[in-house]
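S.K.: Okay, handing you the structure first.
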Amino acid sequence: MRSFLLGVMALFTSTVLLAQQPVNIIPKPNSVEAKTGEFVLNSTTLISYDNAESKRIAELFQSYVNNQYGINLKTAEKKSGKNVVRFVTAAKGGDEAYQLEVSPQGIDVTGVKAGLFYGYQSLVQLLPLAGKQADLKVGAVSIKDEPRFGYRGLHLDVSRHFFPLEFVKKYIDILASYKLNVFHWHLTDDQGWRLEIKKYPKLTEVGGFRKQTLIGNYKQPGDYDNTRYGGFYTQAEAREVVAYAKERFVTVIPEIEMPGHALAALQAYPELGCTGGPYDAAQTWGVFDEVFCAGKDQTFEFLQGVLDEVIGIFPSEYIHVGGDECPKAEWKKCPHCQKRIKDHNLKDEHELQSYFIQRMEKYVNSKGRKIIGWDEILEGGLAPNATVMSWRGDAGGIAAANEGHDVIMTPNSYGLYLDHKQGPDKNREPLSIGGYSTMEIIYRADPVPQKLEESKRKYIKGIQGNLWTEYIETPAKVEFMILPRLFALSEIAWTNPAGKNWKEFSEKRAAHELARLDRTETRYRVPEVYGLKDTVIYASEYTVRGLKSSVEGAKIYYTLDDYDPSELSLEFPGQLKITVPNGSERVFKATVVTPSGRKSNFVRVQIINTKK
Ligand code: ACM
Ligand code: ZN
């Protein structure tokens, strides 16, 4: 009996040893079959490719393994046999579909174009955490994957704050690593024009700079930094970004704002405004009355000249023309604008805005491109071929889909405004514009609104996160604001919603991916400890249990004296009973500290014993 039991136990142990390994990929692949066993990659492993396209991806993998683990692998053409990682160009599904087969004998990544690249991205996420090691174990798995949406975007405002070219490339690397495929580059706004236009050189020479910038939170009148601020990208640099993005299967969609958010352009060319100026590029944030004059033909000639060059630089099917937040006050007073309204039998200034966008759309269409605009372009009548970016909630997106227009969902109500603060208490967060969006809010959102009629749902082409940078002055803060919320964004963009599981996503895959990021220089916000929320409890005794670290390998520290916990505090023992004397209180605070020493915000539980 005893030996039988031992035998059963041995069998059990060996099964455990052969158990399937977790498949920690973000965004979660749409079909995953974990298998038993593993592939061991080491310096004897070969990387194989079958043409120029797969050779490029094979070399990406080669340099990744070299950089992360110090293992130098050789590449070869069309290798069969064991101990080979094969990148195979073959279509099974669309251009973004891929298959990834890991067995003890080898690894096959199959796809074409973006698909092969996404297979590579999934494979690197399956490798162990970085560090010098001889054997990289990858659990056996069979993955068949392709995205739910064709448009998976991330936006960056470079007007409110300017970001160096090298960082723009890093931003593209980050979004591509989570299988996003659109970089929406917000290049113009009231606070600075950031793209060189050869026909209108003052746009960047003059419009690329503002006299000073508001400091601290928006208030009126505010405090300023007394420092001239600006910068711009040359056309050569913009082309470099387009080429860099293309190699990562990312389309760059440029945005040229019209008719509002135009102060920087008007500072350079005041004759394009209703009054003729003078105008100053904005030094503070918000919405400004001074916009492009819709009555002067000169305005349209100018914008067409700008778009001619923009279209020459950016091969994207879409050109974003803004369209949001255009006050009508100046148009109401302007004789040119009023004449336009009269000449074209327009009802009011909303129809004038619609005239403006439709006229620009006609021009863009004549060049073989399409326009996207923010959801205000619905007001006064939608341009016939326009795609709508729904940002003020999803109502605009629903209205546009009901009219048969394509829609990109970016609403703040789905958490997709990544400039919003990431915790409920602003005093624990860096300066931000306000609002509130967490990884969980985004994860739980569905980009296809339930209230949208079934037959119209096909018009929802995808989603996008927006990063407005009024309060984001540095690349480090950009990273902090997008990570890890980007994980959830990529997952709702890529993964079908069936089987959504917040606990599995946050505590396993996101925690693992954060451990990977923790070994890099890239900043991210460490999520608060899971299993605890800020609360006040009335009791003489309270046991804290069930806490989970938000980053794999991180530790949880606590205090009982209302001081902020850190790695200098006590480590949470897994369970802690707190007794509170009568008429007294205790404050329990817990914080996650990662292996690299990064800290989460604390979570605070106040336990009050009101007994006399
Ligand atoms: C926007 O957030 N103004 C589109
Ligand atoms: Zn006017």
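Each value in this text was obtained by applying a stated rule to the coordinates, not by laboratory testing. Owing to the predicted nature of the structure, the values given are computational and were not obtained by experimental measurement. Don't worry about glycine lacking a Cβ; one is built from the backbone with ideal geometry, like all the others, and counts go over all protein chains shown.
S.K.: Write down the Å³ per residue value for the convex hull defined by the alpha carbon atoms of region 508-612. Let's see the in-between values first.
M.R.: Values: hull volume 8.7 nm³, N = 105.
Looking at region 508-612, the number lands at 82 Å³ per residue.
S.K.: List the DSSP H helices in the chain whose Cα atoms stretch 24 Å or more along the helix axis and whose mean Kyte-Doolittle hydropathy is at least 0.0.
M.R.: Working: long enough: 52-69 (25 Å, -0.82); 297-313 (25 Å, 0.48); 349-366 (25 Å, -1.09).
Helices meeting the criterion: 297-313.
S.K.: What FRET efficiency comes out for the pair Thr36/Gln133, r = Cβ-Cβ distance, R0 = 22 Å, nearest 0.05?
M.R.: That pair, Thr36 with Gln133, gives E of 0.50.
S.K.: Give me the orientation-averaged projected area of the Cα convex hull of region 120-214, in nm², one decimal.
M.R.: So the Cα hull casts an average projection of 10.5 nm².
S.K.: Any aspartates and glutamates with Cα under 12 Å of the Lys503 Cα? List them, leaving off those in the same chain fewer than 8 positions away.
M.R.: Result set, ordered by chain and number: Glu440.
S.K.: Using Cα pairs under 8 angstrom and six or more residues apart, how large is the relative contact order of region 297-416, in percent?
M.R.: Once normalised by length, the contact order is 21 percent.
S.K.: Using R₀ = 51 Å, calculate the FRET efficiency as 1/(1 + (r/R₀)^6) where r is the Cβ-Cβ separation of Gln20 and Lys198; round to 0.05.
M.R.: 0.30
S.K.: To continue, here is another question. How high is the FRET efficiency between Asn427 and Val287 when r is their beta carbon distance and R₀ equals 25 Å, given to the nearest 0.05?
M.R.: E between Asn427 and Val287, to the nearest 0.05, is 0.35.
S.K.: Could you name the lysines in cross-link range of Lys370, using Cα to Cα under 16 Å and dropping any fewer than eight places away on the same chain?
M.R.: Result set, ordered by chain and number: Lys362, Lys461.
S.K.: Once the principal axes of the Cα atoms of the chain are found, what is the range along each, listed largest first in whole angstroms?
M.R.: Reported extents, whole Å, longest axis first: 100, 80, 49.
S.K.: Pull out the extension gain between Lys612 and Lys599, defined as 0.36 nm times the separation in residues minus the alpha carbon to alpha carbon distance; nm, one decimal.
M.R.: Stretched fully, the Lys612-Lys599 segment lengthens by 0.9 nm.
S.K.: Just subtract the alpha-carbon distance of Lys362 and Arg444 from 0.36 nm times their residue separation and send over the number in nm, one decimal.
M.R.: Gain in length upon complete extension: 25.7 nm.
S.K.: Divide by every residue of the chain the summed helix terms, -39500 (n - 2.57) for each DSSP H run of at least 4, and state the resulting mean residue ellipticity at 222 nm, rounded to the nearest 500 deg cm²/dmol.
M.R.: Details: 16 runs with 172 residues, N = 612.
After summing the helix terms and dividing by the residues of the chain, the value is -8500 deg cm²/dmol.
S.K.: Ranked from highest to lowest mean number of other Cβ atoms within 10 Å per residue, what is the order of the peptides 435-444, 144-153, 161-170?
M.R.: By packing density, highest mean first, the sequence is 144-153, 435-444, 161-170.
S.K.: Run the quick spin-label model on Gln298 and Lys451: label points 7 Å from Cα toward the beta carbon, then report their separation in nm to one decimal.
M.R.: So the two model labels end up 4.5 nm from each other.
S.K.: Separation between the Asp280 and His336 pseudo-spin-labels, each 7 Å from Cα along Cα→Cβ, expressed in nm?
M.R.: Going by the 7 Å Cα→Cβ label model, 2.3 nm.
S.K.: With an 8 Å Cα cut-off and a minimum separation of 6 or more residues, compute the relative contact order for the chain in percent.
M.R.: Details: 1385 pairs, mean separation 63.9, N = 612.
Relative contact order for the chain comes out at 10 percent.
S.K.: Given the alpha-carbon gyration tensor of region 293-395, what are the semi-axes of its equivalent ellipsoid in whole angstrom, ordered largest first, with each equal to the square root of 5 times an eigenvalue?
M.R.: Largest first, region 293-395 gives 23, 18, 11 Å.
S.K.: Also, I was wondering about something else. What pairs from Lys198/Lys421; Lys137/Lys555; Lys137/Lys533; Lys170/Lys500; Lys339/Lys456; Lys339/Lys451 go past 32 Å between their alpha carbons? Walk me through the numbers on the way to the answer.
M.R.: Details: Lys198/Lys421 38 Å; Lys137/Lys555 25 Å; Lys137/Lys533 37 Å; Lys170/Lys500 30 Å; Lys339/Lys456 39 Å; Lys339/Lys451 41 Å.
Long pairs (Cα-Cα over 32 Å): Lys198/Lys421; Lys137/Lys533; Lys339/Lys456; Lys339/Lys451.
S.K.: Test of the criteria: in region 446-486, which trypsin sites (Lys or Arg not before Pro) are in a DSSP loop and have at most 10 other Cβ atoms within 10 angstrom of their Cβ?
M.R.: Here the sparse-neighbourhood loop sites are Lys451.
S.K.: May I pose another question? At 0.36 nm per residue, and after removing the present C-alpha to C-alpha distance, how many nm does the segment from Asn66 to Glu205 gain when stretched out fully?
M.R.: Gain on extension, Asn66 to Glu205, equals 45.7 nm.
S.K.: Modelled label-to-label distance, Lys92 and Ser177, 7 Å Cα→beta-carbon offset: nm?
M.R.: 2.8
S.K.: Give me the percent relative contact order of region 15-120, please, defined on Cα pairs under 8 angstrom at least 6 residues apart.
M.R.: Reported relative contact order: 24 percent.
S.K.: Within region 449-499, which GluC sites (Glu not before Pro) sit in a loop by DSSP and count at most 12 neighbouring Cβ atoms inside 10 Å?
M.R.: Glu453
S.K.: Can you give me the convex hull volume of the Cα atoms of region 98-143, divided per residue and expressed in Å³?
M.R.: With only Cα atoms used, region 98-143 gives 70 Å³ per residue.
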